[in-house]
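We did not get these values from a lab; they are worked out from the coordinates using the rules stated. Remember, predicted model here, so these are calculated numbers, not experimental data. Reconstructed Cβ throughout: ideal geometry from the backbone, glycine too, with neighbour counts over all protein chains shown.
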Amino acid sequence: MKRSLEYEVAPPDVRFLSAGRERDIRAIYGPNAHRYHSLHLITAGSAHYYIDGVYWSVKAGQCISLPADTPIMYHTDFADVCTTHWVTFRGSDVLDLMSRCGFGPTSAVINVADPQRIAGIIDDMLDCAERTYSNGLRLNGLFSQLLATIIETSVATTPSPDARANIAPKSNEYITRAMQYIYAHMDSPLHVGEIAEALFISRTYLYELFQEYLQTTPQLFVAKAKTYQACEWLRQTGMSVQDIAESCGYRSAFAFSKAFKRIIGMSPREYRQRFTDPANLVEDR
């Protein structure tokens, strides 16, 4: 018996750039924009994303599309540990491929039937870390497999009515400017009144914006932003706890360690010992 196939396939213009996995890390990012496109798959916990001011809640078993050249801000759920698998890529056919996956202007989030299968493909990508020609071919093949799997198993979703999906433009502007100010002044004590004054709005209105759209208070957001930045330095650098404390605007290592433990649940030194273990390292973004 003979079996054959003739099927000339013109590959789409989409180029794999990077992949990664983040686990057991409570994280916050942005607002920022990149020249590449990203897909984030949540396999445990949940996360909150703001794509050009539009809010999307993403839970385990869902994937979100983050477009290039667009302001993105996200944070994992502060009440739970979140695991995220992600890939970045670019090319002239990206928009067409995202549409085939089920993504669109009103559907940035999709449900996937088998998230562990997709996560497994990304884990296979991470095993191709050595920069060889053969690994390059494998990565391209795995990326194509990833897209094909998403196309075959995805179901588009929309934000729930109570998710505040459409933030008023002016409110969005204040939130974005507040975050930008916070990240630009991480090395200072950063009082709420100072942030409100920089935005030319009242403290009360700043509180209302953070409570309504970020589900937190300005003080807690600042504390967590500083803590998550400290987490990155603890994991990825040899900076001393004292130096990190000063870089985060704390007057003493003791005050920093106390605030860090209140949010993370362990001391900075314990955190460094745990997450610099090679078995627990997160792939660099």
Counting Lys +1, Arg +1, Asp -1, Glu -1, what net charge surrounds S92 among other residues with beta carbon under 13 Å of its beta carbon?
-1
Please compute one quarter of the surface area of the Cα convex hull for the chain and express it in square nanometres.
17.6
Would you mind classifying the range 182-234 by shape? Square roots of the alpha carbon gyration tensor eigenvalues, ordered a ≥ b ≥ c; an a/c under 1.5 is rounded, otherwise it is prolate if a/b is larger than b/c and oblate if not.
oblate
Would you mind ranking V192, V222, V9 so that the residue whose beta carbon has the fewest other beta carbons within 10 Å leads the list?
V9, V192, V222
For a quick size check, give me the Cα extents of the range 169-279 along its three principal axes, largest first, whole Å.
44, 28, 20
If you line up the long axis of helix 218-236 against the longest principal axis of the chain, both from Cα atoms, how many degrees apart are they, to the nearest 10?
60
Relative contact order (percent) for the range 169-279, with alpha-carbon contacts under 8 angstrom and 6 or more residues of separation?
24
Dipole of the chain, Cα-centred, from +1 at each Lys and Arg C-beta and -1 at each Asp and Glu C-beta, to the nearest 20 debye?
520
Convex hull volume of the range 15-161 per residue (C-alpha atoms, cubic angstrom)
106
Taking θ = phi - 60°, what integer Hz values does the Karplus form 6.51 cos²θ - 1.76 cosθ + 1.60 yield along the range 246-259, in sequence order, with x for Gly and Pro?
5, 5, 9, x, 8, 6, 8, 5, 5, 5, 5, 5, 5, 5
With the cut-off at 21 Å, tell me which of the pairs K59/K261; K224/K261; K59/K258 have Cα atoms farther apart than that.
K59/K261; K59/K258
With the 8 Å Cα cutoff and a minimum separation of six or more residues, the chain has a relative contact order in percent of 17
Listed residues R203, R131, R21, most fluctuating in the chain (Gaussian network, C-alpha, under 10 Å)
R131
For the chain, take the longest principal axis of its alpha carbons; what is the angle in degrees between that and the long axis of helix 169-184, to the nearest 10 within 0 to 90?
70
Please determine, in degrees from 0 to 90 and to the nearest 10, the orientation of helix 115-126 with respect to the longest principal axis defined by the Cα atoms of the chain, where the helix direction is its Cα long axis.
90
If you average the sequence gap of Cα pairs under 8 Å that are 6 or more apart and divide by the length of the range 15-161, what percent do you get for the contact order?
29
Quick check on the exposure proxy: order K261, K224, K2 from fewest to most C-beta atoms within 10 angstrom.
K2, K261, K224
Once the convex hull of the C-alpha atoms of the range 99-140 is built, how many Å³ does it hold per residue, rounded to a whole number?
97
